[in-house]
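Following: one structure in structure tokens, then a few remarks.
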Amino acid sequence: MFWRLKIAVLAIVLAAIGATAVQAQSRSVPIVRDAEIEALLRDYADPILRVAGMRSDRTDIVIVNSRAFNAFVSGRRIFINVGALVEAETPNEIIGVLAHEIGHLSGGHQDRLRQQLDRAQTIAAVGAIVGMGASVAGAASGNSQVAGAGTGIAMGGMEAAQRGLLAYRRTEELAADRAAVDYLNRTGQSPQGLLTTFKRFEKQLSLAGRNVNPYRLSHPLPRERLAALETIARQSPHFGKSDPRALVVRHDRARAKILAYVYGPNAVDRVVQANPNSQAARYGKAIATHLYGSQQDALAMIDKLIAEAPNDPYFHEVKGEILLRARDAGGAVDAFSRAVQLSDGNAPTIQVALGHALVLAGGEANFRRAIGELEVAITLDPANPRAYRHLAMAYGRLGWIGDAELATAEASFHSGQFEQAKRFAARAKRRFDRNAPQWLRADDIQRFEIPNSRRSR
């Protein structure tokens, strides 16, 4: 009886404390893949990771398609919203955000948070058990005051647990802020961007006109973070240091690209009014024209940019996208091939685009080349579902049905469509000899235990 009661209480506690986190984990995060922006973020993060004693090849930076200014960590991944990239007017602001998130990773805050969650559950469970016991005793004796007190004890236990957990989270945030300033100093970069970000948050909070209970927050109030950081940030010998000009240009280009792809046809014009002839402005307008206007006009605009910077892989990549949309698969193959060559094989997403263009161009030679390009891309980026989908198309066009079914299973698996992945894996197994590498991989997918599947049965 006691253990069943304890389990029931723990379930209530988990629901009260962790509901938001569980919901966030269960929803698929809308990911943006872009070789240019990913390379920029890696260049922002790598120096910080080095001084933090972390390996950059074991830390992924993932771009999230959300307009909110936000970033967070999960596992060994740093997630950053497109809204943060657009709102940040300088590279230093994003570098500060990344330094803060790396502070969480380096400090082991996720592991410690799990320990604190266990502690919070224990506190709440004890309070709930004592409170429920008091309620039962009060009901048995007919004393409604005792029963009411029991409910108060139970709710008080949950309140104490939640407040304790949130207080710990706020402490972690301040620790990550201080770590970020340290990393920026050690890499010779200004911590001013951190202050700019917190000032933005404070302004947004004041504009919202809300009375916020600081004890109900998982993060300190922006004014508290500003007060804690202002002195040590301004003591930095690098506080007034500006970002390198080349980095500013890349940052502006990334913002213009996001505005064109995510925010609509007129978003670039609204943001680049101060400098409409800059490279970033013309780049964003070329992409917006490609998406919402004339492919011929977009091609002329991107060709002009290529003439100015013929060795820029990302201009050639955009040209390939324009040509694909104009149904010139052969021209797209040439553009993407040039982009892959100029990126020195370090842009698997461009290689995936090349594989797609080769499949659309048709012909056995192109199909075989597409398979080679896509297999290399998968080696570099093994969880890219688009690569597997295009690979399945190439295999299918050559009549390699088993390989096509296995590639489709991989695409479904890496998209989180596990049931569909299992169906295609079962079909693929029938095409290969038992214990062949393809059969074994299909068997692994088929045997994969779907997360939460036990709970749903």
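The values are calculated or read from the model by the stated rules, or taken from the named source; none is laboratory data. Only a predicted model underlies this, so the values are computations on that prediction, with no experimental measurement involved. All Cβ positions, even for glycine, are placed from backbone atoms using ideal geometry, and neighbour counts span all protein chains on display.
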Residue ID - nearest to residue 176 (Cα to Cα), chosen from residues in the stretch 259-277 that are outside any helix (DSSP H, G or I) and within 29 Å of the chain's Cα centre (by Cα): 263
Any residue at all in the stretch 351-358 that is in contact (Cβ under 8 Å) with a residue 12 or more places away in the chain, surrounded by fewer than 24 Cβ atoms within 10 Å (Cβ to Cβ) and either closer than 18 Å to residue 250 by Cα or of a type outside the set (S, T, N, Q) (or both)? no
Any residue in the stretch 221-240 that is closer than 30 Å to residue 33 by Cα and surrounded by 12 or more Cβ atoms within 10 Å (Cβ to Cβ)? no
Which condition number does residue 307 fail, the rest of (1) modelled with pLDDT of 95 or more; (2) in contact with a helix residue (DSSP H, G or I) (Cβ under 8 Å, 6 or more places away or on another chain); (3) assigned to a helix (DSSP H, G or I) being met? (2)
Where the second residue is of a type in the set (Val, Ile, Thr) and surrounded by fewer than 19 Cβ atoms within 10 Å (Cβ to Cβ) and the first is without any contact (Cβ under 8 Å) to a residue 24 or more places away in the chain and lies in the stretch 318-334, which pairs have Cβ atoms under 8 Å and are six or more apart or on separate chains? 319/306
Those residues of the stretch 388-440 that are within 29 Å of residue 30 (Cβ to Cβ), not hydroxyl-bearing (Ser, Thr, Tyr) and not in a helix (DSSP H, G or I) come to a total of 2
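Does residue 225 qualify as being within 23 Å of residue 73 (Cα to Cα), part of a helix (DSSP H, G or I), under 27 Å from the mean Cα position of the chain (by Cα) and modelled with pLDDT of 90 or more?
Answer is no for this residue.
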Condition set modelled with pLDDT under 95 and charged (D, E, K, R), scope the stretch 262-284, selection surrounded by the fewest Cβ atoms within 10 Å (Cβ to Cβ): answer is 270
Among the residues of the stretch 360-387, which ones are crowded, with 24+ Cβ neighbours inside 10 Å and aliphatic (A, V, I, L, M)? 370, 374, 377, 387
Of the conditions (1) at pLDDT below 95; (2) assigned to a helix (DSSP H, G or I), residue 371 satisfies every one except a single condition; which number is it? (1)
Among (1) at pLDDT below 60; (2) surrounded by 19 or more Cβ atoms within 10 Å (Cβ to Cβ); (3) not acidic (Asp, Glu), there is one condition residue 194 misses while meeting the rest; what is its number? (1)
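Specify the residue that is nearest to residue 364 (Cα to Cα); the eligible residues are those in the stretch 412-446 that are aliphatic (A, V, I, L, M) and in contact with a Leu (Cβ under 8 Å, 6 or more places away or on another chain).
428
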Given the options 267, 307, name the one that is over 19 Å from residue 63 (Cβ atoms) and aliphatic (A, V, I, L, M). 307
What pairs can you find where one residue is in the stretch 236-258 and farther than 10 Å from residue 91 by Cα and part of a helix (DSSP H, G or I), the other is of a type outside the set (A, V, I, L, M) and modelled with pLDDT of 95 or more, and their Cβ atoms are less than 6 Å apart, with a gap of 6+ or different chains? 253/283; 256/283; 256/284
Determine whether residue 367 is closer than 21 Å to residue 323 by Cα, more than 30 Å from the chain's Cα centre (by Cα) and aromatic (Phe, Trp, Tyr). yes
Give the residue that is farthest from residue 331 (Cα to Cα), with candidates limited to residues of the stretch 284-301 that are among the hydroxyl-bearing types (Ser, Thr, Tyr) and assigned to a helix (DSSP H, G or I). 292
